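The values are calculated or read from the model by the stated rules, or taken from the named source; none is laboratory data. Every value quoted in this text rests on a predicted model; they were computed, and no experiment measured them. Methodologically, a virtual Cβ is constructed for each residue, glycine included, from the backbone with ideal geometry; neighbour enumeration extends over all protein chains shown.
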Amino acid sequence: MDAMDYGSSVTPRALATEAVHAGREDLASLGLHAPPLDLSTTYPSYDARAEAARIDEFATTGARLDGPPVYARLDNPTVARFEEALARLEGAEAAVAFASGMAALTAVLLARASQGLRHVVAVRPLYGCSDHLLDAGLLGTEVTWTDPAGVADAIRPDTGLVMVESPANPTLAEADIRALAHSCGSVPLLVDNTFATPVLQRPVAQGARIVLHSATKYLGGHGDVMGGVVACDEEFARTLRQVRFATGGVLHPLAGYLLLRGLSTLPVRVRAASTTAAELVRRLATDPRIARVHYPRIGGAMIAFEVYGEPHDVIAGVRLITPAVSLGSVDTLIQHPASISHRIVAEGDRRSSGVSDRLLRMSVGLEDVEDLWRDLTQALSAPPAAPPRAAAPAGVPAAVGRPVAASRPSGR
Ligand SMILES: Cc1ncc(COP(=O)(O)O)c(C=O)c1O
């Protein structure tokens, strides 16, 4: 077990121990076992002058308030427990949680832009919507796309951020984080660690200054909570809290509760699913129906493969595996990035970053490997899907039979 050192005052504890204890150390002294869920939107105070001083303090520094948060857009005690736990797992000073992964990235970009640093250097591929947010300049930022070797040359005086996903969505391409951090010089490197999770990789230890997660994925782990989180130093966390306060992309306390609970099983889930994924990769690698398999050196529960046949037929043919976007759940999901998760990226950019039209991405869950293989191998041999039928009107049950890929809504 890898021990984690949080400073000389704390005895280093293994990740599995931190996963079930971080953010919960005070519970026994409160006479509690499960963390309390605080759903308050506001907090009463009979001393308006003292409240005014606390609001001023938060607005000017972004430091977490001692005592109740005044209003739920400033802070929430349940969410703060999740933030504390995630920061510990990532080996970072602090973490700030948001309503989704995209809200988290938005806050990072706004925080840097508010310091006059509107230029971003980014390495493709990124998750389709992250690519779109940067490429479309929706937040007034400008992006330079480069490969990792070009990062140092792409940095300008107004560069506020270098961004990479490793392993990347959906090709699972890996970056040498340490080398990249070196190329960044004084510009912070943001690593989207959604696919690896701190179980497989802690980017801060390799020089990254900002670690982002779509908490919707492995941190929650059950496909029933949406959230995002940024782990970083306390100074940047203060700016992020100020941005969150002003723009309102807060994580709901119930989501914070579920994410804290998700963290406690994160190491067990990621390791078990990774073992299954590695076995599926081994079988796919010698399967004559598969043109290419993508799997990162660090392992993990995400796999990608290119088929010789029609990828839509594989999506239409699965029965146990769920054909759906998203990832990191206890059950196995498969999707076609060119149609769904990376649909919003221009075709040429998608292809040049390795997202081929024949690529399928699979998030391996906790099912038995033989059941998954049986389903996958029958889907790979499935005859072509029937042509799409008109969607049934709302309330009318769909016809029983093979689902038709083309009739599915193309969520992103
Ligand atoms: C790697 C990665 N980062 C960020 C996001 C965005 O997260 P969310 O959907 O929680 O906004 C996603 C979503 O799929 C993702 O895969």
* Asked: Given (1) away from the ligand (no atom under 15 Å from the Cβ); (2) over 29 Å from ARG358 (Cβ atoms), where does LEU139 come up short, assuming only one miss?
  -> (1)
* Asked: Hey, does the range 292-302 have a residue that's in contact (Cβ under 8 Å) with a residue 24 or more places away in the chain, more than 30 Å from PRO77 (Cα to Cα) and not in a loop (DSSP other than H, G, I, E, B)?
  -> yes
* Asked: What are the residues in the range 311-370 that are surrounded by fewer than 21 Cβ atoms within 10 Å (Cβ to Cβ) and over 27 Å from HIS132 (Cβ atoms), if any?
  -> ASP313, ARG319, LEU320, VAL330, ASP331, LEU366, GLU367, ASP368, VAL369, GLU370
* To do: Starting from residues that are hydroxyl-bearing (Ser, Thr, Tyr) and assigned to a loop (DSSP other than H, G, I, E, B), keep the ones in the range 111-136 and report whichever is farthest from the ligand (Cβ to nearest atom).
  => SER114
* Asked: Would you pick out the residues in the range 41-70 that are of a type outside the set (A, V, I, L, M, F, W, C), assigned to a loop (DSSP other than H, G, I, E, B) and free of Cβ contacts under 8 Å to residues at least 60 places away in the same chain?
  -> THR41, TYR43, PRO44, SER45, TYR46, ASP47, ASP66, GLY67, PRO68, PRO69
* To do: Kindly list the number of the only condition in (1) modelled with pLDDT under 95; (2) surrounded by 17 or more Cβ atoms within 10 Å (Cβ to Cβ); (3) touching a Ser or Thr at 6+ places or on another chain (Cβ under 9 Å) that fails for ALA382.
  => (3)
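Yes/no matrix, rows are residues, columns are (1) assigned by TED's automatic domain parsing to the domain that holds VAL123; (2) touching a residue at least 12 places away in the same chain (Cβ under 8 Å); (3) surrounded by fewer than 21 Cβ atoms within 10 Å (Cβ to Cβ); (4) within 11 Å of the ligand (Cβ to nearest atom):
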position: ASN169; (1), (2), (3), (4): yes, yes, no, yes
position: SER186; (1), (2), (3), (4): yes, no, yes, no
position: ASP192; (1), (2), (3), (4): yes, yes, no, yes
position: PHE195; (1), (2), (3), (4): yes, yes, no, yes
position: GLN201; (1), (2), (3), (4): yes, yes, no, no
position: ALA208; (1), (2), (3), (4): yes, yes, no, no
position: VAL211; (1), (2), (3), (4): yes, yes, no, no
position: THR216; (1), (2), (3), (4): yes, yes, no, yes
position: HIS222; (1), (2), (3), (4): yes, yes, yes, no
* Positions within the range 31-71 being acidic (Asp, Glu) and farther than 24 Å from VAL243 by Cα, in sequence order -> ASP47
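Which of the residues that make up the range 202-246 are assigned to a strand (DSSP E or B) and under 11 Å from the mean Cα position of the chain (by Cα)? Quick ask: steps written out before the conclusion?
Just the residues of the range 202-246 that are assigned to a strand (DSSP E or B), to begin with: 210-214, 228-232.
If the condition is that a residue be assigned to a strand (DSSP E or B) and under 11 Å from the mean Cα position of the chain (by Cα), then VAL211, LEU212, HIS213, SER214, GLY228, VAL229, VAL230 are the ones that fit.
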* Asked: Any idea which of ALA246, ALA237 is in contact with a strand residue (DSSP E or B) (Cβ under 9 Å, 6 or more places away or on another chain) and more than 11 Å from the ligand (Cβ to nearest atom)?
  -> ALA237
* Structure fact -> Of the residues in the range 77-107, those that are within 9 Å of the ligand (Cβ to nearest atom) and of a type in the set (Phe, Trp, Tyr) come to PHE98
